[in-house]
Every structure is written in C-alpha cells, then in structure tokens.
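Down below is the structure, laid out as structure tokens.
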Amino acid sequence: MSKIALLGYGKMGQVIERIAIERGHTIVLRKNIGDSFDGLENADVAIEFSAPDAAVGHISKCFELGIPVVAGTTGWLDQYDNMVALCNQKNGAFIYGSNFSLGVNIFFQLNENLAKMMAQLSQYKVRMNEIHHTQKLDAPSGTAITLAEGIIKNSAYSEWTLETPSAHQIHIEAERIGSVPGTHTVFYDSEVDSIEIKHTAHSREGFALGAIVASEWLLGKKGVYSMKDVLNLK
C-alpha cells in the first residue's frame, strides 16, 4: 500500500481520498492551491487534480522531488511537452489522462476503432457533443479533445472546432449544465441514417478509481505512460 499526496483537494480530491483509503492507501498531503508542499517529500506517488494554472507547478515539483505523478487536470496541455521533457530529464514517472475513468478509456479505444471504419465512408460527417457541470473551467473538455484527436489520427479530418466547421473540421458542441459529471457523444450522420457512440458518467467515482488504479500501476516505473498502458489497450 502506498502513501499518496493529493495535489488538489476539491470535490474530486475528496472522492479520491475516500476510495484510496478504502483500498488501503494513506494520504500524506492534501494540498489546495496556495498551500505549501510540506509532506510531499513523504509521498510514494502524487495524484494531481487541481486547476489549469496550478497543474504545471504541481507536476514540476513532483519531478524535482523524484515522486511519480498521475495528473488529471485538463486545460494546461500547451505545456505538456515541457512536462514530458522534465520528467525524462529527472528520470521520473508520469501519467497524464484527460479522463481516468476505466469506462472512458475503453470508449477512447472504441472511438478510434470506429473512426478507422468510418474513414472510408465519405457520406458520413462526424460531430461531437460534451456536457459537464457548470463549475468546469475549460471547454471543450479534455476528454472531448482526446476523442477528437483519436478521430483525426484515423481519418481525413485535421482539427476540431467549437465554431461552424469546415469540411476538414470536427465540430464539438460544449454544454455546461447543472452538476452533470460528464457525458460525451460522437455522431456520424448521413442522409439516410446516423451512428452514435456515447459514454455517460454517473458520478466522479469512476474518475477517482481510475486515477488510483493508475497510481498503483505507476509505482516502481520510470518514463511517460498513458491509461492505454495501464489497461493494456496498446
């Protein structure tokens, strides 16, 4: 069982804490933005769910101390390559996931497989919809971006947009409603029919459990990984 530092102790961090303790782990740091890092040096692994403007500082501090980090904060990915470089420079261990839900990661793989099949059927146009709670700071969600990237990698589409799409763009509709944990739908529409795949989260617990499973898997490893590695989906 491991000693876990929680970098970010909002609603998500509190769910992670409860499930981690149920699985026999110990929490050695509960850090909100502005709090000190005291206690981080005692952690075996850190789980980072804070805010876009805090994530890079949290992740960097972990690498400096040689602590593996599992990061689930979205909205900071313009710095992702820098964090990968720092991880490799410090011989650290890192998993970033736009969504740690085990079901969503199966959904990511299903999305890529479907995109490969649909790429040869030009009569179908793809679009996406994502719905989250009103407190979510970034739009579209990191999960929606990962889904779009999975389609782009396996089709003739080249980018996503929140605006009216051109022929080579995937339109993402981002809605912020009530306390919705997260719903993502991918549509393929033609004149004669439509195909859709959808993932609906019922609570934050799926995200929290996946992050803890990832932290358990990362212990003792070096390098940069993803949930595809954790779930052996590659």
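Residue pairs whose Cβ atoms lie under 9 Å apart, separated by 6 or more positions or on different chains, with the first residue in region 119-130 and in contact (Cβ under 8 Å) with a residue 60 or more places away in the chain and the second hydrophobic (A, V, I, L, M, F, W, C) and exposed (fewer than 15 other Cβ atoms within 10 Å of the Cβ), are Q123/V192; K125/A167. All conditions but one from (1) in a helix (DSSP H, G or I); (2) without any contact (Cβ under 8 Å) to a residue 60 or more places away in the chain; (3) open to solvent by 20 Å² or more (accessible area, probe 1.4 Å) apply to A115; the one that does not is (3).
Among the residues of region 75-89, which ones are within 20 Å of S141 (Cβ to Cβ) and of a type in the set (A, V, I, L, M)? Show your work before the answer.
If we filter region 75-89 for residues that are within 20 Å of S141 (Cβ to Cβ), which is where we start, we get 75-80, 83.
Selection gives L77, M83.
Just to be sure before I move on: is G103 small (G, A, S), in contact with a strand residue (DSSP E or B) (Cβ under 9 Å, 6 or more places away or on another chain) and surrounded by fewer than 16 Cβ atoms within 10 Å (Cβ to Cβ) in the structure I sent? Taking the combined requirement at face value, the residue satisfies it. Does I27 satisfy being over 16 Å from the mean Cα position of the chain (by Cα) and of a type in the set (A, V, I, L, M)? Criteria met by I27. Selection of first residues in region 221-234 that are at positive phi and of second residues that are open to solvent by less than 50 Å² (accessible area, probe 1.4 Å), restricted to Cβ pairs under 7 Å at least 6 apart or on distinct chains, gives the following pairs, ordered by first then second residue: G223/A93. If only residues of region 82-112 that are without any contact (Cβ under 8 Å) to a residue 60 or more places away in the chain and of a type in the set (S, T, N, Q) are counted, the one that is nearest to S190 (Cα to Cα) is S98.
Scan region 220-234 residue by residue and report those that are touching a strand residue (DSSP E or B) at 6+ places or on another chain (Cβ under 6 Å) and not basic (K, R). Listed by number, the residues that qualify are V224, Y225.
The values are calculated or read from the model by the stated rules, or taken from the named source; none is laboratory data. Keep in mind it's a predicted model, so treat the numbers as computed, not measured. Every residue, glycine as well, gets a Cβ built from its backbone with ideal geometry; the counts of neighbours run over all protein chains shown. The area values use the complete protein model at the heavy-atom level, side chains included, leaving out ligands, DNA and RNA. Shrake-Rupley method; radii C 1.70, N 1.55, O 1.52, S 1.80 Å.
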